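Here is the structure we will look at.
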Amino acid sequence: MNARTWLETLVGFDTTSRNSNLALIETVRDWLKGQGVDAWLAHNPERTKANLFATLPAQDGGLQGGIVLSGHTDVVPVDGQDWATDPFKLVEKDDLLYGRGSCDMKGFIAGSLALVPEFLAMPRKKPIHLAFSYDEEVGCAGAPYMLADLHERGIRPEGCVVGEPTGMQVVVAHKGINLFRCKVHGKAAHSSLTPRGCNAIEYAARLICRIRDLADSFKANGPYDQFYDVPFSTMTTNQIRGGIAVNTIPELCEFTYEFRNLPGMQPDEIQAEVEKYVRDELLPRMKAEFDGASIEIETGAAAPALEASEEAAITQLVRALTEDRATRKVAYGTEAGLFQGIGIPTVVCGPGHIEQAHKPNEFVALDQLASCETFLRRLGQSL
């Protein structure tokens with residue numbers, strides 16, 4: 001199958017992060033087996049989702065070294081979006097391929113799979129590895145299970161290309177992503193008797209404002225890296241829920257927040273500022289109203305920042321193959337920092353543009369898919 005046919009197949013699976021991706025993963029596994037390639041799966045604890053890892057051996061059968069082609073199989077929801085076509089049916093119009101995940105990032109997976117027969121026929125001295133993960137869109141939750149298995153199996157690739165949409169240009173750095181869930185527990189009361197309650201929403205609002213204050217300080221004081229479109233670390237509160245009635249003091253308020261840190265900034269130090277405010281200022285004020293008040297902060301998924309070395313062989317190779325020497329850094333996160341964290345030098349380069357991702361009528365251009373296939377073919381030939 002060519003890249004377009006593969007993309008049509010992959011888009012047809014609704015792998016929204018809340019759903020299972022097993023149908024897609026098992027389809028790919030079975031097809032690879034038909035090509036003589038055995039893949040292994042790394043499941044989530046509930047065994048409802050899986051990562052896939054497969055090695056296309058070198059000509060002499062070698063499995064060590066080589067390059068990983070990495071992509072995530074999950075996509076963001078289409079809920080509430082006004083699509084002109086069925087988001088889970090690939091539609092071609094004016095040389096654009098529309099469908100959820102066409103850009104982010106089933107296009108790269110499609111290109112990688114389309115090249116498998118060619119990869120296998122090449123007289124390569126080094127292997128090519130395929131790494132397809134789940135739940136990247138909710139904080140790279142799946143890839144760590146795969147990388148743990150990779151370590152246990154003793155497989156040591158020399159480099160990795162993460163195929164997020166970059167317009168087939170080289171991205172050498174991205175911010176880290178850190179997700180947190182907060183529950184503020186107060187005391188319910190009739191709203192006419194406010195002194196008898198402890199308003200969870202109001203105290204949650206104070207904490208949210210403190211998070212915004214920290215965000216404003218990063219914007220005002222740095223550190224900065226002007227290669228990013230947003231050149232400083234950011235913090236945002238993105239979901240909130242609380243209250244049961246207009247005349248009831250809310251007992252519970254829940255919200256989620258995230259921060260995206262520049263490489264070099266320590267996430268633990270940023271979170272410590274939040275926790276210090278809770279411990280030293282906010283919670284004592286709550287307990288003065290209700291001794292049983294509490295604030296819980298749960299750490300969610302996290303993906304470390306990426307800062308690729310220009311001296312790394314994978315960086316130099318991808319730059320040579322794309323003839324791209326510009327320095328590009330992006331605010332969105334990928335699993336690249338996870339690969340780099342276990343000693344596999346990594347860069348980001350894939351078809352499509354991030355501006356098309358996560359939107360209704362998401363698309364990837366046919367010429368981007370073609371460029372991806374050309375890049376992957378040249379990469380295989382270089383090994």
Check each of the trypsin sites (Lys or Arg not before Pro) in segment 294-377 and keep only those in coil by DSSP with at most 11 other C-beta atoms within 10 angstrom; list them in order. Arg325
P(r) tail for segment 267-363, what percent of Cα pairs lie past 17 Å? 69
Pairs beyond 20 Å (Cα-Cα), from Lys175/Lys219; Lys183/Lys359; Lys93/Lys359; Lys33/Lys89; Lys106/Lys359: Lys183/Lys359; Lys33/Lys89
Expected sort for 233-244, 336-347 on mean C-beta neighbours within 10 Å, highest first, is 336-347, 233-244
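If contacts are Cα pairs under 8 angstrom and at least 6 residues apart, what is the relative contact order of the chain in percent?
Rounded, it is 25 percent for the chain.
Rg/Rh for segment 177-302 to two decimals, with Rh computed the Kirkwood way over all alpha-carbon pairs. If you can, show how the numbers build up before the last one.
Numbers: Rg = 16.2 Å, Rh = 15.5 Å.
On the Cα set of segment 177-302, Rg over Rh gives 1.05.
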Sort 270-281, 355-366 for me by packing, meaning the mean count of neighbouring Cβ atoms within 10 Å per residue, highest on top. 355-366, 270-281
Relative to the Cα centre, what is the charge dipole magnitude of segment 177-302, using +1 at the beta carbon of each Lys and Arg, -1 at the beta carbon of each Asp and Glu, and rounding to the nearest 20 debye? 400
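With +1 on each Lys and Arg Cβ and -1 on each Asp and Glu Cβ, how big is the dipole of the chain about its Cα centre, in debye rounded to the nearest 20? Don't skip to the answer; put the middle values down first.
Details: 37 positive and 51 negative charges, 57 e Å.
The dipole of the chain has a size of about 280 debye.
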Calculate one ³J(HN,Hα) per residue across segment 103-116 by plugging θ = phi - 60° into the Karplus curve 6.51 cos²θ - 1.76 cosθ + 1.60, and present them in order as whole Hz with x for glycine and proline. 8, 10, 9, 6, x, 5, 4, 4, x, 5, 5, 4, 8, 3
Along the three principal axes, how long is segment 123-218 when you take its alpha carbons, biggest first, rounded to the nearest angstrom? 80, 31, 19
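Please work out the ratio of the alpha-carbon Rg of the chain to 2.2 N^0.38 Å and round it to two decimals.
Values: Rg = 23.1 Å, N = 383, 2.2 N^0.38 = 21.1 Å.
In units of the globular-protein estimate, the chain measures up at 1.10.
Give me Ile177, Ile354 ranked fewest to most by other Cβ atoms within 10 Å of their Cβ, as a rough exposure proxy.
So the residues, fewest neighbours to most, are Ile354, Ile177.
Would you kindly calculate the translational diffusion coefficient of segment 54-157, applying Stokes-Einstein with the Kirkwood radius from alpha carbon pairs, for 25 °C and a viscosity of 0.890 mPa s, and quote it in µm² s⁻¹ without decimals?
On the way: Rh = 15.7 Å.
Once the numbers are plugged in, D ends up at 156 µm²/s.
Bear in mind these aren't lab numbers, they're just calculated from the coordinates by the rules spelled out. Worth saying up front: this structure is predicted, and the values here are computed from it rather than measured. As a convention, Cβ positions derive from the backbone with ideal geometry for all residues, glycine included, and neighbour counts pool all protein chains shown.
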